[in-house]
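Chemist: Take this structure, written in structure tokens, and hold onto it; I'll ask about it next.
Just so it is clear, none of the values below were taken in a lab; they were calculated from the coordinates. These figures come from a predicted structure and were not determined experimentally. Quick reminder, even Gly has a Cβ in these numbers, built from the backbone with ideal geometry, and neighbours come from all protein chains shown.
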Amino acid sequence: MLVALPGEGGAGLTLDQTTQLYGTAASVNYISPLFLGLILDRMGPRTCSAVSNATVAIGCMIFASASQFSSYAIGICLVAFGGPGVQTSLIHLGNLFPSRRFFVMGMVAETICLSFAVLPLMDVVWESTPPEFSFRWTFGILAVTVAVSALFSVLLWTDTPYEAEDDSEKPKRSGSEDFGETTPKEGIDGGDRLRLQDLSFKKQLTSGVYIRIGIFFVVTSFWANFYIATVTTELGDQHRFNQAKQHDLESWLGFIDAGAIIFAPLSGYMLDSVGFGATAILTISLGVLQNIFLLIAGTKQSIMVASFVCYAVFRAFLFPYFFAS
């Protein structure tokens, strides 16, 4: 859509320019949580959601009306900057329902998968409409949609929990639920334990629990994001699939990844019921199974699609697990 000529409804960008846009936006996307996190901490999720959605809407509108490469870059960087703020604000909804926190958090985290369906959906709409319905219309509609989301954030969100829970009636968490390591409270019998998040900031960073969690998420998150970023290159490797099949498989991956939202209730239920350990085993097993399918796929599209299903469910479990931790 972006490399097509303006007369065909595209932006007329080169492949090098689209790569530059993606690289710059990705860098901005990694940095923005440091700033939007301050808004979330000081002003709450409602303000953070409104600011983030408004930033994305402005970016989409600039991109839709751009005529120079610099304007495209500004627009896509604003979209990339506001995106993490939208996601972290949504994750906060899990804290608004204390009695079913992980279930709600899993549901919300999985709705983020729907964002992957936007790309193939925009592609389908663009290809099935006349050239007059250019990419500008597509991004303009997206801008209006996100702007409405910003307005609803201001009107409907709350910064306080929807339901209360008496701490005295809550069962004590065992060490196994906190990755196997706890710290006794000072001046209290050793039977009472502190969770990792109850420790001071300095003790958290130096805790073996924190280090193990960090290694786990660095490895799994790297694979989850590395694959989605390199799948186009992989499908074209050794010319196993022609261009038409590559395009079909990429579309399949987009819709399957979005369809993984149906596993949100299961991931949330497992986190609430059987705990983090069992959920981690299932999550890692799905990632391993996906790699096995990739090794034996060859030129068979059906096995590639099966690997996409494993990958989508792997992501469906990984990110709720990450946010819940």
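Chemist: Once you put a point 7 Å from the Cα of Leu282 and another 7 Å from the Cα of Tyr269, both along the Cβ direction, what distance in nm separates them?
Modeler: Once both label points are built, they end up 0.8 nm from each other.
Chemist: Right, here's the next one. Report the paramagnetic label zone for Lys245: residues of the range 289-316 whose backbone N is under 18 Å from a point 7 Å from Cα along the Cα-to-Cβ axis.
Modeler: So the set is 293-309.
Chemist: Kindly identify the range 53-137 as rounded, prolate or oblate by the Cα gyration tensor criterion: order the square roots of the eigenvalues as a ≥ b ≥ c, call it rounded if a/c is under 1.5, otherwise compare a/b with b/c, prolate if a/b is larger, else oblate. Kindly include the intermediate steps, with their values, before the conclusion.
Modeler: Values: a/c = 4.13, a/b = 1.85, b/c = 2.23.
Cα axes put the range 53-137 in the oblate bin.
Chemist: Spin-label point model (7 Å from Cα, Cβ direction): what's the Thr233 to Leu34 distance in nm?
Modeler: Computed distance between label sites Thr233 and Leu34 equals 2.6 nm.
Chemist: Highest mean first, what order results for 135-141, 31-37 on Cβ atoms within 10 Å? It would help to have the intermediate numbers written out before the result.
Modeler: Values: 135-141: 18.0, 31-37: 15.1.
Ranked from most to least packed, the peptides come out as 135-141, 31-37.
Chemist: Here is a further query. I need the fraction of alpha carbon pairs in the range 1-111 separated by more than 21 Å, rounded to a whole percent.
Modeler: 45 percent
Chemist: Follow-up question, since we're still on this one. Below 8 Å, C-alpha to C-alpha, sequence gap of six or more: please give me the relative contact order for the range 41-96 in percent.
Modeler: 44 percent
Chemist: For the range 120-127, in order, what is each residue's ³J(HN,Hα) by Karplus, 6.51 cos²θ - 1.76 cosθ + 1.60 with θ = phi - 60°, in whole Hz (x at glycine and Pro)?
Modeler: Residue by residue, the range 120-127 yields x, 5, 4, 5, 5, 4, 5, 6 Hz.
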